[in-house]
1. If Phe143 satisfies all but one of (1) in contact with a strand residue (DSSP E or B) (Cβ under 8 Å, 6 or more places away or on another chain); (2) more than 16 Å from Thr92 (Cα to Cα); (3) hydrophobic (A, V, I, L, M, F, W, C), what's the number of the condition it fails?
2. Can you go through Gly60, Gly103, Gly23, Gly47 and tell me which one is in a loop (DSSP other than H, G, I, E, B) and either under 27 Å from Asp129 (Cβ atoms) or without any contact (Cβ under 8 Å) to a residue 24 or more places away in the chain (or both)?
3. I need a count of the residues in the stretch 271-303 that are farther than 23 Å from Asp316 by Cα and hydroxyl-bearing (Ser, Thr, Tyr).
4. Return the residues of the stretch 306-329 that are within 30 Å of Leu44 (Cα to Cα), touching a residue at least 12 places away in the same chain (Cβ under 8 Å), more than 19 Å from the chain's Cα centre (by Cα) and in a helix (DSSP H, G or I); say none if nothing qualifies.
5. How many of the residues making up the stretch 80-122 are farther than 28 Å from Ser346 by Cα and among the hydrophobic types (A, V, I, L, M, F, W, C)?
6. With Gly16, Gly29, Gly24 as the choices, which residue is crowded, with 24+ Cβ neighbours inside 10 Å, out of contact with any His (no Cβ under 9 Å at 6 or more places or on another chain) and either among the acidic types (Asp, Glu) or within 14 Å of Arg298 (Cα to Cα) (or both)?
7. Is it fair to say Asn289 is over 16 Å from Ile188 (Cβ atoms) and touching a residue at least 60 places away in the same chain (Cβ under 8 Å)?
8. Going residue by residue through the stretch 164-178, is there one that turns out to be within 25 Å of Val12 (Cα to Cα) and part of a strand (DSSP E or B)?
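The values are calculated or read from the model by the stated rules, or taken from the named source; none is laboratory data. In this text, all values refer to a predicted model and were calculated from it rather than measured experimentally. Here the Cβ positions follow ideal geometry from the backbone for every residue, glycine too, while neighbour counts run over all protein chains shown.
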Amino acid sequence: MEKRRIAGGISVSRIGIGCWSFGGGAYWGPQSQKDVETVVHRALDGGINFFDTARMYNDGDSERSLGAALKNRRDRAVICSKVSPAKAYYDTLRAECDRSLAGIGTDYIDIYMLHWPINHMSVKHFTSDPAVIANPPTPAEAFAALSDLKKEGKIRAIGVSNFGVKQMTEAISLCPDMCVNEITYNIISRAIETEIMPFCVNHGIALITSMTLMQGILAGSYKTAEEIPPHQAHSRHFKNERGRGTSRHREEGAEEEIFNVLRILRDISAQLGITPAQLSAAWVLANKNVDCALVGSRSEYQLAQNMASASVILPDEITEQINAVSLPALKKLGSSADYYENSAGSRIY
């Protein structure tokens, strides 16, 4: 498994494991700890070393599940966790980091991130506390806390998640040690190609991409938009009403364009003798600007399928064909990298 150096002595595998489902929860449903441990151990044995979690994932159960699975193998793993922007006050952020350390059962976190930028729209999605919404944390105190945690050895590297160009510029000015941005990128979510990806490349910021398979949609799990569970159909990719009350973007979506992409991906994958999931992941990995692409793996079978995508080398003409067929969806969805808010009111800028 190829690895990329992203900070100091930290190198990560080009495929990473997204741990949102670990520990079970309302969004993904029950998750067997035995399956988690199998996935984590097989991933390590296969050369995958990057595991992405967050305090908010399943009320801390994701961190606890990952920590239990890594027992006696912690030194083999690069762990990334994240803190809510609503809990980014200096003292609160430090306390949240301590909770993550305790939950995982480790004395250091390799990469610690702000989960979303600190702005009014972002903060209000993480808290209902009117005092926090009225007087949110400041980026200055958040990055001061992160810098101090790094100096103390509690974290090895400082990162951000879902930050745009202006937000990364501010982050660098406050914290020159900020070295990685994690953000959505896949065949039907290409907004970062315009500004965010080039900025990261030009400023030496590692790029970790999430939603590689768009929560199963790019794995070919669904043939129609009606089949997608409402809580997974609340992004701007789909009609606002598709989310049945969970959507807030108020846009018409790009369903026709997306399902045309999915139809062609099925044809291409059949021609190549691979699965649509492997094709979709291979397309992301073919972009040399992507340092690590996150995939969810709830079972040993899913992990094996995802790991196989690392060895798929797409011919240039196939990559170009996918770029062309997904361009209408890109044009329809626009340049906003926030796929859950209205394009005119993005949390990412």
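1. Evaluating Phe143 over (1) in contact with a strand residue (DSSP E or B) (Cβ under 8 Å, 6 or more places away or on another chain); (2) more than 16 Å from Thr92 (Cα to Cα); (3) hydrophobic (A, V, I, L, M, F, W, C) leaves (2) as the failure.
2. Gly23
3. Qualifying residue count, the stretch 271-303: 3.
4. Ala308, Thr319
5. Qualifying residue count, the stretch 80-122: 5.
6. Gly16
7. Answer is yes for this residue.
8. Yes, the stretch 164-178 contains at least one residue that is within 25 Å of Val12 (Cα to Cα) and part of a strand (DSSP E or B).
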